[in-house]
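Visitor: Dropping a structure here in structure tokens format, bear with me for questions.
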Amino acid sequence: MKTFHSTLSRRDFMKALGLAGAGIGTAAAAAPVFHDLDEVTASSGGVQKLPWWVKDRDFKNPSVPIDWQNLPKMEGTFPYQARPTLSAQERYAMGIPGGSSGVWASPEQAQVLFDYMKKEFPGWDPGYAGLGDNRTTALFMATKFMRMGMWPGEINMGGKRVNVAQAISAAGGTATFTSFLGLRSSETLRPQDFGVPRWEGTPEENLLTLRQVVRFLGGCDVGAQEMDSDVFKLFHETSGGKQLVIEDVDEAAETATKLVIPAKAKYILQWTARQPYESTRRQAGEYEDAAVYWSYQRFPFVGAIIQEFIHALGYTAVSTHMAGYHTNAIATLTGLGEHCRMSSPTLVPKYGTTNRAMWVIITDMPLMATKPIDFGVYKFCQTCGICADSCPFGLIEQGDPSWEATQPGTRPGFNGWRTNTTTCPHCPVCQGSCPFNTNGDGSFIHDLVRNTVSVTPVFNSFFANMEKTMGYGRKDPRDWWNIDDYTYGINTSY
């Protein structure tokens, strides 16, 4: 496709759309004015640097319609379905490869995925773990270490095998180092500890400060929103069996039964992290691959450091990332992306769905709110459906958005799509199929298409079909070992 990028002229592409020359009629009336593709605008007060074709919307009014009055609060924690617990030996005896990767997919689902991959990539083999060849499997195994902030089990330390998770549990700790209150290390001192006033900035200065820290630590963008009774509905009711509540107290607290957010901590900080692009669209096999796990290994630690930074400035900082699947909903309010057909991820304007989990921190540090955005994705997804077509299990909804809770573990009150993630085996297909994915390769095609989509839906069907014929989607995983990829798999110049 690099040849395509370098040889198809803008004029030829415009001709293909019917936007060049005379007599183009309705198409001309609907077509946007095309600016320089390097042009950007300072959206949301200069904190979020978004392409010029991304438009701001009013607060609490994202592109997906929400009935705030009738939107119910999600009860309990996200209802994952119990998964099979077959050992690697039991699976192997059934003729189904898979060791520690086989946690989500049942043997029947695994077989569906193996057949799917062999059809998509002729000659592909699931290997001994259901993930592909030995190199791909080894990289996945390596990136599993401390993923999701989990303490490791047995590891070599001082010439002995030490079970770290077991030792921490015996000391009264939890399975992960990520927590509601944050690490609050004894080495993290606050100005108050010395009788010194905490650092005070304007809400905009504070958000810019946190953006700088997020970028320093390897994250990407930041957004913010003020908590109110409507926004709090987006949070699940419990986390780890503990009630998530807001109380008029001075300090955040965690007890045996509840997680207490101080009422003064009314600011939501949200930050994102980019996921390796080329390896994301080359995932294959029974489960998400190293592209996902490397992100989930790095960024929980980054989130813990951000909490420590805010705490060290003298403010409250609690993390609710694991308190249910609220983060993507909130991302539509903070302007980090739009609701899309895939539902579970939020689609961002610059990188599509290769932008990992939208982390949420609640703080009393005043933050300038960033507005919801609209770049045409909500309408584009109504026409596209590539991710739904690609799902081996039909778990991504086809057709138009709905106001009803059409899938287990979802809610009514918004006119969107809902993915059945209670039975989703977290296979590697849908995320790499989205036409909006890009690593910032400098192609005018991507920006031209997105600019058009942001202004008019007239060509949405054409663009979706163009993606299929020009091959911007998934790629053979075996090719990744031979490409000259970016550091961390991310083009940071874009």
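Visitor: Leaving out ligands, DNA and RNA, what percent of the accessible area of segment 295-390 is carbon and sulfur, probe 1.4 Å?
Guide: 57
Visitor: Arrange the peptides 220-232, 180-192, 362-374 so that the one whose residues have, on average, the most other Cβ atoms within 10 Å appears first.
Guide: Going from most to least packed, we get 362-374, 220-232, 180-192.
Visitor: Hey, if you drop one equal point scatterer on each alpha-carbon of segment 341-440 and run the Debye formula without solvent, what base-10 log of I(q)/I(0) do you get at q = 0.13, 0.15 Å⁻¹?
Guide: Summing over Cα pairs of segment 341-440 leads to -0.52, -0.69.
Visitor: Check Thr272: other-chain or 5+ apart residues with amide H under 5 Å from its amide H, H built from backbone geometry?
Guide: Counting only residues 5 or more places away or on other chains, the set is Cys220, Asp221.
Visitor: Now for a different question. For segment 139-250, what is Rg from Cα atoms divided by 2.2 N^0.38 Å, rounded to two decimals?
Guide: 1.44
Visitor: Turning to a different aspect of this structure: Report the net charge of residues surrounding Arg298, where surrounding means a beta-carbon distance below 12 angstrom and charges are Lys +1, Arg +1, Asp -1, Glu -1.
Guide: +3
Visitor: With the crude spin-label approximation of a point 7 Å out along Cα→Cβ, what separation in nm comes out for Asp125 versus Ser185?
Guide: 4.6
Visitor: Would you mind classifying segment 145-207 by shape? Square roots of the alpha carbon gyration tensor eigenvalues, ordered a ≥ b ≥ c; an a/c under 1.5 is rounded, otherwise it is prolate if a/b is larger than b/c and oblate if not.
Guide: prolate
Visitor: What does the net charge come to around Asp125 if you take all other residues with beta carbon closer than 9 Å to its beta carbon, with K and R at +1 and D and E at -1?
Guide: My count for the surroundings of Asp125 gives 0.
Visitor: Of the listed peptides 61-73, 126-138, 193-205, what is their order by residue-averaged count of other C-beta atoms within 10 Å, with the highest listed first?
Guide: Result, highest mean first: 126-138, 61-73, 193-205.
Visitor: Could the peptides 411-421, 396-406 be put in order, highest first, of the mean number of other beta-carbon atoms found within 10 Å of their residues?
Guide: Ranking, from highest mean packing down: 411-421, 396-406.
Visitor: Now, a different point. Using a 1.4 angstrom probe on heavy atoms only, work out the carbon and sulfur share of the accessible area of segment 225-287 in %.
Guide: On segment 225-287, the fraction of accessible area on carbon and sulfur atoms equals 45 percent.
Visitor: Pulled fully out, how much extra length does the chain show between Asp133 and Asp250, if you take 0.36 nm times their separation in residues and subtract their Cα-Cα distance?
Guide: Full extension from Asp133 to Asp250 adds 36.7 nm.
Visitor: While we're on this one: First measure r as the distance between the Cβ atoms of Met141 and Asp485, then evaluate 1/(1 + (r/R0)^6) with R0 = 25 Å and state the FRET efficiency to the nearest 0.05.
Guide: Rounded to the nearest 0.05, the efficiency is 0.80.
The values are calculated or read from the model by the stated rules, or taken from the named source; none is laboratory data. Being a predicted model, the structure only gives us computed values, none of them experimental. As a convention, Cβ positions derive from the backbone with ideal geometry for all residues, glycine included, and neighbour counts pool all protein chains shown. In case anyone asks, the SASA skips ligands and DNA or RNA and just uses the protein heavy atoms, side chains included. Shrake-Rupley method; radii C 1.70, N 1.55, O 1.52, S 1.80 Å.
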